[in-house]
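Here's the structure we're looking at; comments come further down.
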Amino acid sequence: MKIVPVVNINGLLVDIEDAKISVFDRGFLYGDSIYEVTRTYNRIPVLLDEHLDRLWYSAERLSIPMIHSRELIKNEINKTLVKLNQDDAYIRVIITRGEGEIGLDPNLSTNNNLIIITKHLKGYPSWWYEDGVTLITAQIMRNPKNATDPSIKSGNYLNNVMAMTEASKQKAFDAIMLNQQGFVTEGTCSNIWIIKDGVINTPPLHAGILDGITKQQLLKLIKERGLKASELNFTPDDIKNSDECFMSSSTREIVPVKSLDGVTIGTGKPGIITKQLMSLYKNSTRAMTVPK
Ligand code: PDD
């Protein structure tokens with residue numbers, strides 16, 4: 001039986017055929033919106049407070065006034081999840097600046113739309129985790145920090161869509177994007193990590209990346225375990241010469257990478273430290289979501 005997504009628009013649970021937003025919504029017209037994605041285990045959202053903190057950060061950076069309280073958003077998420085009635089769920093919370101006369105002036109709309117999409121998370125193909133995935137270096141650059149700063153999780157993902165299009169044309173799983181200095185930033189929807197001589201490294205915030213919640217949690221776990229972590233710039237060649245490489249995100253968690261631009265990384269199989277981090281992260285999220 002197919003499990004249908006459950007959508008909440010401004011507090012109303014709607015059937016998916018009726019889950020529609022106005023063509024005058026600025027999210028549709030300009031990508032003038034912000035969003036967050038997380039998942040549940042045992043019906044409990046993973047690191048929801050951290051995601052909501054980032055939602056507020058994105059709103060502030062884009063001067064989108066938050067007319068919904070944190071409590072209200074949490075209640076609406078719960079209400080939507082209850083209706084979905086699944087242990088493992090994907091949750092997407094979107095806030096658009098709302099509808100108004102067509103025009104760039106943000107004051108043309110004062111009424112945000114709050115949309116929550118939940119769906120059953122079946123899990124991803126096991127080969128991603130057992131064999132690792134392939135990446136390419138995209139020709140398209142990551143937006144510079146002084147343009148649409150990648151640390152803002154906005155609805156404007158065209159840059160990433162263009163990079164993903166390159167990956168798809170080359171039959172790769174995903175693409176990494178570089179910044180104007182030629183350093184690696186991130187994948188189209190995940191952060192990226194390399195491991196060399198036992199040091200686990202991910203690009204610094206100033207490279208122009210999303211400050212991933214999974215990344216923050218992983219850095220915490222790595223430090224707690226006494227493993228060596230750093231946040232230093234690196235290049236595609238550093239990835240090719242690394243011992244291990246992986247990507248991180250809330251929904252996919254840790255995905256090992258086996259090659260970049262056709263060059264095998266390490267042994268071409270998920271590395272020992274990557275596997276250790278996969279299980280560390282898994283245990284930490286399961287521990288956070290034990291039903292009371
Ligand atoms: N993507 N970088 C980008 C560009 C992302 O879109 C994401 C998340 C990440 C990882 O962030 P986090 O660990 O907080 O999920 C990094 C989500 C999953 C998405 O858009 O579906």
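Panel note: the C-alpha atoms of segment 210-292, placed on their principal axes, show extents of 47, 25, 23 Å (largest first).
For segment 166-176, putting each phi into the Karplus relation 6.51 cos²θ - 1.76 cosθ + 1.60 with θ = phi - 60° gives couplings of 4, 4, 5, 5, 9, 6, 9, 5, 7, 10, 9 Hz, in residue order, rounded to whole numbers and with x for Gly and Pro.
Run down the lysines and flag those whose C-alpha is under 18 Å from the C-alpha of Lys220, throwing out any fewer than 8 positions away in its chain. Filter leaves Lys228, Lys275, Lys282. The helix-only estimate of mean residue ellipticity at 222 nm for the chain, built from DSSP H runs of length n ≥ 4 each weighted as -39500 (n - 2.57), is -9000 deg cm²/dmol after division by the residue total.
A straight line joining the Cα centroids of segment 210-240 and segment 1-64 runs 28 Å.
Listed peptides 278-291, 210-223 appear in the order 210-223, 278-291 once ranked by packing, highest mean of other Cβ atoms within 10 Å at the front. The alpha-carbon of Lys292 sits under 16 angstrom from the alpha-carbon of none of the lysines, leaving out residues fewer than 8 places away in its chain. Size check on segment 126-288: the Cα extents along the three principal axes, sorted descending, read 37, 30, 27 Å. Both radii were evaluated on the Cα set of the chain; the Rg over Rh quotient, with Rh as the Kirkwood radius, amounts to 0.97.
For the chain, the relative contact order works out to 19 percent when only alpha carbon pairs closer than 8 Å and six or more residues apart are counted. Note that segment 6-120 shows a convex hull volume over its alpha carbon atoms of 88 Å³ per residue. A simple count of charges around Leu104, restricted to other residues whose Cβ falls under 12 Å of its Cβ and scoring Lys, Arg +1 and Asp, Glu -1, yields -1. Summing +1 for each Lys or Arg and -1 for each Asp or Glu, what net charge is found among the other residues whose Cβ lies under 10 Å from the Cβ of Pro291? So the surrounding residues net to +1. Applying the criteria of a DSSP loop state and at most 15 other Cβ atoms within 10 Å to the GluC sites (Glu not before Pro) of segment 45-131 yields Glu101.
Counting charges near Lys215 (Lys, Arg +1; Asp, Glu -1) among other residues having Cβ under 12 Å from its Cβ returns a value of -3. Taking 21 Å as the straight-line reach from the Cα of Lys153, the lysines in range (excluding those fewer than 8 positions away in the same chain) are Lys74, Lys119, Lys145, Lys215.
Each eigenvalue of the Cα gyration tensor of segment 64-193, multiplied by 5 and square-rooted, gives one semi-axis; in descending order these are 30, 25, 12 Å.
Values quoted throughout were computed directly from the atomic coordinates according to the rules given, and no laboratory measurement underlies them. What you see is a predicted model; the values in this text were computed from it and never measured. A quick note on method: Cβ atoms are made from the backbone with ideal geometry, for glycine too, and the neighbour counts reach across all protein chains shown.
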